[in-house]
1. Roughly speaking, what is the stretch gain from residue 218 to residue 149, that is 0.36 nm per residue apart minus the C-alpha to C-alpha distance, in nm to one decimal?
2. Can you tell which of 28, 4, 93 lies farthest toward the positive end of the dipole of region 1-155, using +1 and -1 charges on the Cβ of basic and acidic side chains (Lys, Arg; Asp, Glu)?
3. With only Lys, Arg, Asp and Glu charged, each at its Cβ (+1 for the first two, -1 for the last two), find how big the charge dipole of region 195-305 is about the Cα centre; round to the nearest 20 debye.
4. Could you sort the peptides 57-69, 233-245 by per-residue average Cβ neighbour count (10 Å cutoff), highest mean leading?
5. With r as the distance between the Cβ atoms of residue 295 and residue 47 and R0 = 25 Å, compute the FRET efficiency 1/(1 + (r/R0)^6) and round to 0.05.
6. Given Cα pairs under 8 Å that are at least 6 residues apart, what percent is the relative contact order of the chain?
7. Which order do 185, 304 fall in if you start with the one that has the fewest other Cβ atoms within 10 Å?
8. If the convex hull of the alpha-carbon atoms of region 1-116 is projected onto planes in all directions, what is the mean projected area in square nanometres?
Amino acid sequence: MTKIETILGTLPEAVSHTFGQGKPANYIPALAEVCGNKFGMAISTAKGRDFIVGDAEEAFSIQSISKVFSLSLAMHYAGEKVFERVGVEPSGNPFHSLSQLEYENGIPRNPFINAGALVVADILLSNLNSPKQDFLDHIRSISKNLDIQYDERVFRSEYDNGQRNAALAYYLKSFDNIKNPIAQVLDFYFYLCSLNMSCLDLARASRFLADDGRHPFKDKSVVSPLQTRRINTLMMTCGTYDEAGEFAFHVGLPCKSGVGGGIVAIVPGKMSLCVWSPELGKKGNSLPGMQALKTFVEQTGLAVF
Ligand code: GLN
């Protein structure tokens with residue numbers, strides 16, 4: 001057994017004291033119903049080895065983790081132009097905040113808050129022939145899992161509870177920062193949030209970020225090495241919303257979280273990780289997940305700094 005495997009094996013026990021301290025997301029009934037004390041973690045190394053522990057092969061709602069894959073694909077197609085329409089500064093505000101958009105003239109602070117991800121979804125709509133199918137094919141290809149699907153129930157609930165996202169989209173449109181019909185942008189954005197993947201799928205799918213942008217299973221690039229660096233930087237500074245400072249301080253790795261309780265983390269050049277546990281803290285990030293990443297980094301020394 002490698003050192004990594006041994007440390008991974010200790011994590012379910014090491015985080016168990018955090019169960020019951022947070023709450024699964026409840027803005028969507030389908031998310032609130034998930035059993036709180038699930039815990040899984042997967043690691044995929046740049047050399048192509050995978051390690052898993054706990055519920056690492058159980059699919060869950062990826063929610064905002066999708067923002068990392070949509071940004072990567074948008075950068076692949078539109079390059080630097082993405083950043084003419086979305087900024088690269090941490091927002092310091094909740095992920096669905098509306099207020100900054102007004103005084104910053106419809107340019108979202110970064111691609112990982114909802115406003116920014118709506119613009120990214122709009123860019124993809126302008127570049128993909130069959131946006132949902134093309135995106136799904138891409139995700140299936142980088143995770144090497146043809147069974148990945150979206151969750152119809154979560155998708156419908158996103159609509160039923162999507163008033164803030166709709167408000168953001170209309171607002172962005174008033175600044176001409178949405179080019180496609182709003183209904184299409186929201187539909188695509190909700191679709192991205194409602195994909196179901198496991199920790200293992202997500203660790204594999206994000207391995208390109210630990211490997212200079214190389215596709216994990218094919219001889220081609222997902223993004224360039226420079227773009228890889230930029231995505232990792234944005235994950236470090238903005239990937240966990242208004243808790244990004246805490247994550248950088250305590251974990252020290254580029255991370256992207258989702259309200260389904262998943263967090264993807266990257267050790268540049270070495271490995272990609274995904275941890276999942278549904279109970280969230282006040283800022284919308286998985287509490288046991290954050291604890292697991294913190295413990296992992298303490299024990300392996302694998303932080304960026
Ligand atoms: N679907 C959620 C939303 O748009 C995603 C939020 C998240 O995971 N932070 O509100």
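1. 22.7 nm
2. Going by the charge dipole, the pick is 4.
3. Details: 12 positive and 9 negative charges, 64 e Å.
Charge dipole, region 195-305, about its Cα centre: 300 debye, nearest 20.
4. Packing order, densest peptide first, comes out as 57-69, 233-245.
5. Approximately 0.60, to the nearest 0.05.
6. Numbers: 629 pairs, mean separation 86.6, N = 305.
For the chain, the relative contact order is 28 percent.
7. With the fewest neighbours first, 185, 304 line up as 304, 185.
8. Details: hull surface 41.0 nm².
Average of the hull's projected areas for region 1-116 equals 10.3 nm².
Each value in this text was obtained by applying a stated rule to the coordinates, not by laboratory testing. Since we're looking at a predicted model, the values are computed, not measured. Note that we place each Cβ from the backbone using ideal geometry, even for glycine, and neighbour counts take in every protein chain shown.
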